[in-house]
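To start, the structure itself, in structure tokens.
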Amino acid sequence: NVSISGNGIERLQFRDFQHLDVIEIILNNIPTLYSVDKESFFSLQSLVVLEMHDNVKLTYLDEDAFVKCNSLTLLYLQNNNLLAIGSHLAASLPNLQSISLYHNPLHCDCNVFWVKEMMGAYHDYYDSSFSLTVTNESADNTSLKLPPITFQHADKFICDTPLSMNAKLLKSIPLSNIPKSCPPTVIPFFNDSHQKELGDSITYECRAIGVPRPHIHWILSNGKVVNNTSNYSRVRLD
């Protein structure tokens with residue numbers, strides 16, 4: 001097993017964890033961790049349990065954070081600062097059985113539609129957790145098959161935003177009130193203003209969630225769009 005709880009890590013980046021023969025990874029109580037990027041966990045064929053909870057700044061978990069982690073069964077994400085987790089993340093883990101997502105400030109728009117559907121929104125009763133296999137639509141309108149997942153303590157899923165959903169229990173909101181698609185929600189990891197000396201470099205980080213999955217572009221003051229193929233000597237998009 002691997003445990004790096006309580007460290008000063010700020011981000012998990014591309015293939016920080018790869019080709020490890022471990023059953024469990026513990027990443028709890030890391031007060032500086034704010035983002036888990038694409039393929040942070042790669043080819044961990046023996047991984048069964050991932051604990052990543054009680055990280056007060058953890059706001060973003062990329063939908064492609066897990067690649068070739070086919071044995072992952074239990075995912076603990078409670079008590080973080082997550083707005084949502086994407087359905088593609090669940091679809092990439094064929095043996096995922098249980099997610100613990102309570103006590104996160106959920107953004108209850110299209111980003112939680114699949115969670116609500118999985119919880120069994122159209123049933124006549126609610127339990128603290130139950131599972132259901134659903135078929136979700138991906139950005140290219142192809143069917144996305146999700147494994148049957150149990151959400152632990154689903155009765156503690158409380159919406160934080162948008163304002164119309166604030167403080168409501170997700171289980172109490174009719175599925176028909178949650179859109180299947182919606183405009184992106186931007187998660188900027190930078191302040192509104194910076195003071196730098198002439199010649200200094202600066203990095204701005206931005207993420208977004210939504211259905212379909214958003215594509216991020218930076219627009220310069222002259223109106224030009226920066227992307228991965230743009231040829232600007234002073235500006236680079238990663």
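Per DSSP H run of n ≥ 4, the term is -39500 (n - 2.57); total these for the chain, divide by its residue number, and report the mean residue ellipticity at 222 nm rounded to 500 deg cm²/dmol.
-1000 deg cm²/dmol
Search the structure for amide H atoms under 5 Å from the amide H of residue 182, placed 1.01 Å from N in the peptide plane, and list their residues when 5 or more places away or on another chain.
When sequence neighbours closer than 5 places are left aside, the close amide H contacts are 211.
How much of the accessible area of the chain, in percent, comes from carbon and sulfur atoms when a 1.4 Å probe is used?
Carbon plus sulfur share of accessible area: 48 percent.
Taking the chain as a Gaussian network, Cα atoms linked when under 10 Å apart, which of 202, 23, 149 shows the biggest mean-square fluctuation?
202
Largest first and to the nearest Å, give the Cα extent of region 61-118 along each principal axis.
The Cα atoms of region 61-118 stretch 28, 21, 19 Å along the principal axes, largest first.
Given that compact globular proteins tend to follow 2.2 N^0.38 Å, what is the ratio of the alpha-carbon Rg of region 1-73 to that value?
Here the Cα radius of gyration is 1.00 times the empirical estimate.
With every protein chain present, what is the per residue accessible area of region 1-109 (1.4 Å probe, Å²)?
Per-residue accessible area for region 1-109 comes out at 38 Å².
Can you divide the C-alpha Rg of region 169-223 by 2.2 N^0.38 Å and report the result to two decimal places?
1.72
Using a 10 angstrom cutoff on alpha carbons, build the Gaussian network for the chain and name the most mobile of 182, 159, 108.
182
Please identify every one of the GluC sites (Glu not before Pro) in region 1-98 that sits in a loop by DSSP and has no more than 14 other beta carbons within 10 Å of its own beta carbon.
Answer in residue order: 10.
Which Cys in the chain stand alone, with every other cysteine's Cβ at 4.7 Å or more from theirs?
So far as the 4.7 Å Cβ criterion goes, 69, 206 stand without a partner in the chain.
Taking the alpha-carbon distance from residue 156 and a cut-off under 18 Å, which lysines remain once sequence neighbours fewer than 8 residues away in the same chain are dropped?
Within reach: 116, 168, 171.
Report the residue, chosen from 80, 111, 191, that carries the largest GNM mean-square fluctuation when the chain is represented by alpha-carbon nodes joined by springs under 10 Å.
Maximum among the listed residues: 191.
Looking at the chain only, what percent of DSSP beta bridges run antiparallel? Nearest 5 please.
Bridges in the chain are about 30 percent antiparallel.
The values are calculated or read from the model by the stated rules, or taken from the named source; none is laboratory data. No experiment lies behind these values; they were computed from the predicted model shown. Reconstructed Cβ throughout: ideal geometry from the backbone, glycine too, with neighbour counts over all protein chains shown. Heavy atoms of the whole protein, side chains included, go into the accessibility calculation; ligands, DNA and RNA do not. Shrake-Rupley method; radii C 1.70, N 1.55, O 1.52, S 1.80 Å.
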